[in-house]
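Quick notes on the structure that follows.
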Amino acid sequence: SLASTAITCFTRGLDLRKETEDVLCPANCPLWQFYVFGDGVYASLSSICGAAIHRGVITNAGGAVRVQTLPGQENYPAVNANGIQSQVLTKWASSFSVTRIKNTALEAVGRSVSTARPSTGMRSLQQGKPSVIRYCKADIAFLIDGSYNIGQRRFNLQKNFVGKVAVMLGIGTEGPHVGVVQASEHPKIEFYLKNFTAAKEVLFAIKELGFRGGNSNTALKHTAQKFFSSENGARKGIPKIIVVFLDGWPSDDIEEAGIVAREFGVNVFIVSVAKPTTEELGMVQDLGFVDKAVCRNNGFFSYQMPTWFGTTKYVKPLVQKLCSHEQMLCSKTCYNSVNIGFLIDGSSSVGDSNFRLVLEFISNVAKAFEISDIGSKIATVQFTYDQRTEFGFTDYTTKEKVLSAIRNIRYMSGGTATGDAISFTTRNVFGPVKDGPNKNFLVVLTDGQSYDDVRGPAAAAQKAGITVFSVGVAWAPLDDLKDMASEPRESHTFFTREFTGLEQMVPDVIRGICKDFLDSKQ
């Protein structure tokens, strides 16, 4: 079929819904940001486009790829190929492979979007429709420049460009919703997210916009604070994005507005057009205005167009950015807004080699989260009759450091006092972060009967706002596991006969944490 799904650099195998799917990878993905696990057969956690480049199916110029879902593997090796270093993963629940698509017509359809000139003979397949990015979930406010600075002529070109972006986003009830705010001395909300659910309605509304004029061209702070309310149609758990179009430079201080937007969980993009020339620099209040306003100063959130003329080729790359969920670092998501404490049974029944499997399980859960000083945090406590904090939530603020600290945990060996250990962890590990912004989770791993009462300490932990998951292995009694777990107990209790079964539980534990996080936000 010719229907290929345009995906982003960061779409993972597990984001696709079908057994076999033809996708279109964008050009110029940042190679160093790819997470790829395996070689030839890739764990479904991997980036599809990253795997395709690693496999040599496409280059960094992007292109069409066929993705085939495969069963999980025992072991995904690390191999360096085509500029990408894949990583090792032991056991994952599902995999995929990537192959070239023989059908070149497909690539022509994908390409014609960015050049807007279908190659001859392709017209019958095109029916004049640009391809639409699927799996794009975003609530987007376009903040258009309505100051005298831009003038009527370029204002119309700006409307034209926004219209093309809106069409390619594929606005729909399920997909992206957009609204428009015109920035001028008296900013005006032209329409809200909830007003239209089809691209043609949005296009019509954009065409109707009148140029307001005025001396100033920013309304960022007001938009960040007021635009994304649920009354105005903002949806829960979907990234909020403001795309600010600036002709030249801002007329007022947008640094403060950028701070407010970040506080409100809004991802700010700046599209600067016709940036100040050397002669104009004296008029610009703050030359670093882009870096101060965007969500993160990492190059991803700023976008430059030399002029308002001939902007069609800029449409698709911008749309692909707006649809890269994983890049929306300013959204609060379960991946970047949780504290997860692991309580690890170090009793003598576990044994050294099984203890390694427990550490591997913890690493694989931790790996899924965005660990940083403003993101998610991880802590670990090992217990026997005694407790030892291996590291607290504020000790390591990068994923690399956390994973390396987990690897270096030494096995204690001794008895099993799980109740005491829960009380210790609630007090000493969660105590210092209890007023922080993140949601708190405790994952208790044990392989046997506790010598003390677990019910009281677990209830106290839950009362302190900690959600408890219990993971039992071998001789851990189900009653104990259920007594420790948060409600509903069934979905917070995991059990496996063998330590090797822990690996299979990784995706379920991650999903459980994310589900609870979302429920808590409702």
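Computed values, structure above
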| read-out | value |
| --- | --- |
| LEU318 open to solvent by less than 30 Å² (accessible area, probe 1.4 Å), in contact (Cβ under 8 Å) with a residue 60 or more places away in the chain, among the aliphatic types (A, V, I, L, M) and on the phi < 0 side of the Ramachandran plot | yes |
| Residues of region 382-426 that turn out to be closer than 16 Å to GLY448 by Cβ, in contact with a Pro (Cβ under 9 Å, 6 or more places away or on another chain) and open to solvent by 10 Å² or more (accessible area, probe 1.4 Å), as a count | 1 |
| Unmet requirement for PHE245, which otherwise passes all of (1) in contact (Cβ under 8 Å) with a residue 40 or more places away in the chain; (2) in a loop (DSSP other than H, G, I, E, B); (3) farther than 20 Å from HIS325 by Cα | (2) |
| Output for region 427-443, where each listed residue is in a helix (DSSP H, G or I) and either open to solvent by less than 30 Å² (accessible area, probe 1.4 Å) or modelled with pLDDT of 95 or more (or both) | ARG427, ASN428, VAL429, PHE430, GLY431, VAL433 |
| Tally, over region 170-211, of residues that are assigned to a loop (DSSP other than H, G, I, E, B), modelled with pLDDT of 90 or more, of a type outside the set (Phe, Trp, Tyr) and closer than 17 Å to ILE144 by Cβ | 5 |
| Flag for GLY288 being farther than 14 Å from LEU220 by Cβ, open to solvent by less than 80 Å² (accessible area, probe 1.4 Å), in contact (Cβ under 8 Å) with a residue 40 or more places away in the chain and out of contact with any helix residue (DSSP H, G or I) (no Cβ under 8 Å at 6 or more places or on another chain) | no |
| Residue under evaluation LEU106, criteria (1) more than 20 Å from ARG66 (Cα to Cα); (2) modelled with pLDDT under 55, criterion not met | (1) |
| Matching residues, region 367-388, being among the basic types (Lys, Arg) and part of a strand (DSSP E or B) | LYS377, ARG388 |
| Number of positions in region 336-359 that are among the acidic types (Asp, Glu) and either crowded, with 20+ Cβ neighbours inside 10 Å or part of a loop (DSSP other than H, G, I, E, B) (or both) | 1 |
| Options ASP453, ASP447: the member that is surrounded by fewer than 20 Cβ atoms within 10 Å (Cβ to Cβ) and among the acidic types (Asp, Glu) | ASP453 |
| Some residue of region 17-25 being under 17 Å from the mean Cα position of the chain (by Cα) and either free of Cβ contacts under 8 Å to residues at least 60 places away in the same chain or not assigned by the TED database to the domain that holds ALA93 (or both) | no |
| Failed condition for LYS463, given (1) within 20 Å of VAL358 (Cβ to Cβ); (2) open to solvent by 20 Å² or more (accessible area, probe 1.4 Å) | (1) |
| Selection count, region 32-60, where residues are over 23 Å from the mean Cα position of the chain (by Cα) and either closer than 28 Å to PHE361 by Cβ or not polar (S, T, N, Q) (or both) | 7 |
| Members of region 212-268 found to be among the basic types (Lys, Arg), modelled with pLDDT under 90 and open to solvent by less than 70 Å² (accessible area, probe 1.4 Å), listed by number | ARG235 |
| Long-range neighbours under 6 Å by Cβ, at least six apart or interchain, first residue under 20 Å from TYR192 (Cα atoms) within region 142-157, second surrounded by fewer than 24 Cβ atoms within 10 Å (Cβ to Cβ) and among the basic types (Lys, Arg) | GLY146/ARG212 |
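The values are calculated or read from the model by the stated rules, or taken from the named source; none is laboratory data. Keep in mind that this is a model prediction, so the values were computed, not measured. Ideal geometry is used to build each Cβ from the backbone, glycine not excepted, and the neighbour counts take in all protein chains shown. Just so you know, the surface numbers come from the protein's heavy atoms only, side chains and all, with ligands and any DNA or RNA stripped out. Shrake-Rupley method; radii C 1.70, N 1.55, O 1.52, S 1.80 Å.
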